[in-house]
Structure formats: structure tokens, C-alpha cells
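Everything on this sheet refers to the single structure shown next.
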Amino acid sequence: MPDPDHPLLRSYGRIKSRPIKPRQAALMETLLPTIRPPAGPFDPRALTPGAAEAWLEIGFGGGEHMAAQAAKRPDVLILGAEPFQNGVASALRHIDEAGLTNVRVHDGDVRELLGRMPDASLARAYILFPDPWPKTRHHKRRIVQPDLVAELARLLVPGGRLRFASDVAHYVDWSLEMIRGNPAFRWTADQAADWRVPPADHITTRYEEKRLGDCAPVFLDFVRS
Ligand SMILES: C[S@@+](CC[C@H](N)C(=O)[O-])C[C@H]1O[C@@H](n2cnc3c(N)ncnc32)[C@H](O)[C@@H]1O
């Protein structure tokens, strides 16, 4: 992955909206090149000296969750991927303002990144409020697909965690089926509160706050066996 014979379907919407503010545009020129992961194969744990573990956030949007998690866990390297340029610019502002040194940003499709990392190199992966692609003919564009789930199973350490959250009921069911369909993952929920109540370590995201979906936010936590 990616397979040159089967180009990936685009899983995101626009990559730019309003003009980026001058300060954020400057950070795109100065900060971003210094925190991009290397172009070839790399081990995310080696991106910062002494990182206890590495986490991945897929589609970090404006970067609020990524930056807040990084601030809470300076011992963890957090790698985020996001093709939406305004989101990247916003994330850079958070990283800069908080003086975070443990965040790395891939300003593009996460699927360009996954195959460059070794097996069992991530301790956590987050997919929070992904683009819903509600029309049936667009479901194939959803980021959660069996190939992506298999790649996350390869990348997560035994005991590693995958969190999916959405407020689109069909996408919740879709992801539950796909992730549970991979024998490497075990859903941790025992009771409804486990998916209805935000996990204690969750940080509300900007998209989550918009409440654009058709159900209350659902949080699915999985453990990599
Ligand atoms: C609905 S937004 C949610 C953003 C953020 N997680 C939040 O909750 O506020 C989904 C994000 O996923 C990003 N995205 C979609 N496909 C992606 C991909 N293949 N790789 C990385 N990010 C992707 C989109 O650009 C978009 O910003």
C-alpha cells in the first residue's frame, strides 16, 4: 500500500478553503519542513530522542486533539497526517504556540505514510470523526477499509490501541464491522457507556463540536492482540 496498479480513491474533500493567515503561512514555510517525517522508510519512535512510544492520528483536522495529546504526553511522539492545508496550518499554530517538540506532521494522505513504517512501531492510532461519505456510491472513499485496518494491525504493537469515533451511525456500524472483521483487533466495550461516554483521555475535536452527524458521538476502542 499504495499499490501503483490500484490508485487509491480520494478519501478527503477539499485540500484548501479560505486563504491561510500570514502567520500560519509563515509556519508552513519555516516549521513544517522541520517536522515532516523523512521521505523514505522510517521508524516513528526514532523521530525524537527518547520517545517511549509513537502514536498516529489520521486526519487531524485543525490539530487540536493532536496538539493537546502531545502536550499531555511529552514522552510520546505523535505523528499526524492531514491533506487539508488549512488544517495543517492551524495545527502548526497549535504546535508553535505550545512549543511542542514531539509532533511530526505529514501534510498529505496517511496512506502514503503507512507502508514506510516498520511492523509494531505504533502504540496508538486515532481516527476521529472521519469524512462520512454518506452516499452509498461514495462508501468506497471512506478511510476505514479492510486494507487500512490490516495495515494498522501490522503497525500497532501487541496491546496497542486503535480509537475510532464518529457521529454518523452508518459509519460507526461500518467501522465496527470492518475492524472486528480483522482478528487482530478486539473491541474493548462491555456496556453501552463504553461507546457512548467519551473516554477519559479523549479531547473534543473541532468537527465533533459541530454535531453534523445523525447520532451522538460514538467512541470505539480496540486493542491489538
Ligand atoms: C471530518 S474531518 C475531522 C477532522 C478532525 N479529526 C476532527 O475531528 O475535527 C476529517 C479529516 O480527515 C482528513 N482525511 C481524509 N482522508 C484522509 C487521508 N487519506 N489521510 C489523512 N487525512 C485524511 C480530511 O482532510 C479531514 O480534515
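When the range 103-123 is filtered for residues that are more than 9 Å from the ligand (Cβ to nearest atom) and within 17 Å of GLN24 (Cα to Cα), the ones remaining, listed by number, are VAL103, ARG104, VAL105, ASP107.
Taking the criterion of being within 12 Å of the ligand (Cβ to nearest atom) and aliphatic (A, V, I, L, M), the residues of the range 69-88 that qualify are LEU79, ALA81, VAL88. The C-beta contact set for the range 74-88 (first residue touching a residue at least 12 places away in the same chain (Cβ under 8 Å), second residue of a type outside the set (A, V, I, L, M) and surrounded by fewer than 19 Cβ atoms within 10 Å (Cβ to Cβ), distance under 6 angstrom, 6+ apart or interchain) comprises VAL76/GLU53; LEU77/THR48; PRO83/TYR12; PRO83/GLY108; GLN85/LYS16; ASN86/SER17. Among the criteria (1) more than 20 Å from the chain's Cα centre (by Cα); (2) away from the ligand (no atom under 16 Å from the Cβ); (3) not in a helix (DSSP H, G or I), the one ALA26 does not fulfil is (3). Here's a check for you: in the range 200-214, which residue that is farther than 18 Å from TRP133 by Cα and more than 12 Å from the ligand (Cβ to nearest atom) is surrounded by the fewest Cβ atoms within 10 Å (Cβ to Cβ)? Only one residue fits best here, namely ALA200. With respect to being within 12 Å of the ligand (Cβ to nearest atom) and of a type outside the set (A, V, I, L, M), GLY61 fits the description.
What do you reckon, is LEU100 assigned to a loop (DSSP other than H, G, I, E, B), away from the ligand (no atom under 12 Å from the Cβ) and among the hydrophobic types (A, V, I, L, M, F, W, C)? The answer is yes for LEU100. Residue pairs whose Cβ atoms lie under 9 Å apart, separated by 6 or more positions or on different chains, with the first residue in the range 102-119 and among the small types (Gly, Ala, Ser) and the second more than 8 Å from the ligand (Cβ to nearest atom) and in a loop (DSSP other than H, G, I, E, B), are GLY115/MET1; GLY115/PRO2; GLY115/PRO41.
For every residue, the table says whether it meets (1) over 23 Å from GLN69 (Cα atoms); (2) more than 14 Å from the ligand (Cβ to nearest atom).
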{"position": "ALA125", "(1), (2)": "no, no"}
{"position": "PRO130", "(1), (2)": "no, no"}
{"position": "PRO134", "(1), (2)": "yes, no"}
{"position": "ARG141", "(1), (2)": "yes, no"}
{"position": "ASP147", "(1), (2)": "yes, no"}
{"position": "ALA153", "(1), (2)": "no, yes"}
{"position": "LEU162", "(1), (2)": "no, yes"}
{"position": "SER166", "(1), (2)": "no, no"}
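Selection of the range 177-199 for residues being closer than 17 Å to GLY160 by Cα and among the aliphatic types (A, V, I, L, M) yields ILE179, ALA184, ALA189.
We did not get these values from a lab; they are worked out from the coordinates using the rules stated. From a predicted model like this one, the values you see are computed outputs, not experimental measurements. Virtual Cβ from ideal backbone geometry, glycine too; neighbours counted across all protein chains shown.
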